[in-house]
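Readers should treat all values here as calculations from the given coordinates under stated rules, not as data from a laboratory. These figures come from a predicted structure and were not determined experimentally. Methodologically, a virtual Cβ is constructed for each residue, glycine included, from the backbone with ideal geometry; neighbour enumeration extends over all protein chains shown.
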Amino acid sequence: MNIIFVSNSLARSKSITLGRFQAIALILGWAVLPVIITLGLYYSMLSGNPMQPEKKTAHLQENLNTMAARLGQLQAQVLRLDAVGGRLAKHFGLPEQEFDFRRQPGQGGAETRAPQYQLDTHQLEQELAMFAQQLEKRSESLSVLEAMTLREQVVKSTSPTLQPVSAGWFSSNFGWRLDPFSGKKAFHEGVDFMAETGTPVKAAAGGVVVYSEYHPQYGNMIDIDHGNGMVSRYAHTSKRLVKVSDIVLQGQKIAEVGSTGRSTGPHLHFEVLRNGAPQNPARYLQTAG
């Protein structure tokens with residue numbers, strides 16, 4: 001291979017003869033030289049730039065701050081889950097430790113021989129994001145369950161399921177019977193609890209007192225509105241302890257057993273009405289257990 005060098009004035013020229021291997025080496029040298037120069041400049045910029053380590057440190061610190069903020073959010077969600085779990089455990093009578101999300105669950109196992117990998121910052125952020133989504137879904141599920149439980153509790157507390165006289169017993173059932181005064185067959189719209197005069201009468205459910213007066217047939221009578229068209233009635237009492245517009249709670253003492261009105265002796269006449277229609281109180285009282 002001949003290489004000819006020509007001067008600027010074209011007056012002189014010089015020829016150099018290269019062997020095969022020398023020519024290949026020269027061509028490779030010219031091809032690799034730009035790469036070497038580029039790499040050299042790149043590493044020179046990295047080593048010569050005093051801000052690079054600071055930028056790396058700032059980037060790492062920013063990632064740590066982001067993960068710390070995410071961790072704080074997850075901790076807040078765990079506290080919320082723990083509170084909801086505690087309320088559910090108390091409501092259902094379950095051991096509270098089963099719903100204590102602050103406790104570290106037991107884990108273990110033999111050391112694996114499979115290769116283990118260190119998570120980088122990006123992978124750790126992805127794991128935290130995935131865990132946050134799972135935690136949010138479980139939090140929403142528990143919140144829905146708690147809302148349903150509270151609704152059930154409210155419905156139960158406003159349904160006449162509590163026996164109004166704890167010391168009494170049925171002396172007359174709901175339905176057709178012989179009237180104790182006329183001796184004729186008549187429909188009894190409630191149930192009668194036999195009890196001594198002065199025995200406490202309790203509200204079968206929470207609600208608002210809508211009637212508290214003396215009735216010519218029922219004697220001293222109290223009606224409590226429980227909402228949804230449900231009303232409970234307490235009749236023949238010797239003493240009324242609540243007045244119209246009073247808000248009463250389930251189990252609250254509202255009167256005392258007596259024999260006022262159309263009555264043959266001390267007892268409590270108890271009715272349950274739905275939209276004005278008499279219902280069998282036993283159907284509701286049986287659900288109390």
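What is the order of GLU271, GLU146, fewest Cβ neighbours within 10 Å to most?
Values: GLU271 22, GLU146 16.
Arranged by neighbour count, lowest to highest, GLU271, GLU146 become GLU146, GLU271.
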- Using the number of other C-beta atoms within 10 angstrom as an exposure proxy, rank HIS215, HIS267, HIS226, HIS122 with the fewest first. HIS122, HIS215, HIS226, HIS267
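Work through the residues other than ARG138 whose Cβ is under 13 Å from its Cβ and net out their charges, Lys, Arg +1 and Asp, Glu -1.
Value of the local net charge: -2.
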- Query: Long-range amide H contacts for SER159: which residues qualify at under 5 Å (H placed 1.01 Å from N, peptide plane, sequence gap of 5 or more or a different chain)?
  - Reply: GLY206
- Query: Can you give me the relative contact order of region 169-288 as a percent, contacts being Cα pairs under 8 Å and 6 or more apart?
  - Reply: 28
- Task: Could you please rank MET148, MET221, placing first whichever residue has the fewest other Cβ atoms within 10 Å of its Cβ?
- Result: MET148, MET221
- With θ set to phi - 60° and the Karplus curve 6.51 cos²θ - 1.76 cosθ + 1.60, what are the ³J(HN,Hα) couplings of region 246-252 in order, to the nearest whole Hz, using x for Gly and Pro? 5, 9, 10, 9, 4, x, 6
- Task: Tell me which residues come under 5 Å, amide H to amide H, from ASP246 once H is placed; ignore anything under 5 positions away on its chain.
- Result: VAL209
- Task: Search the structure for amide H atoms under 5 Å from the amide H of TYR218, placed 1.01 Å from N in the peptide plane, and list their residues when 5 or more places away or on another chain.
- Result: ARG262
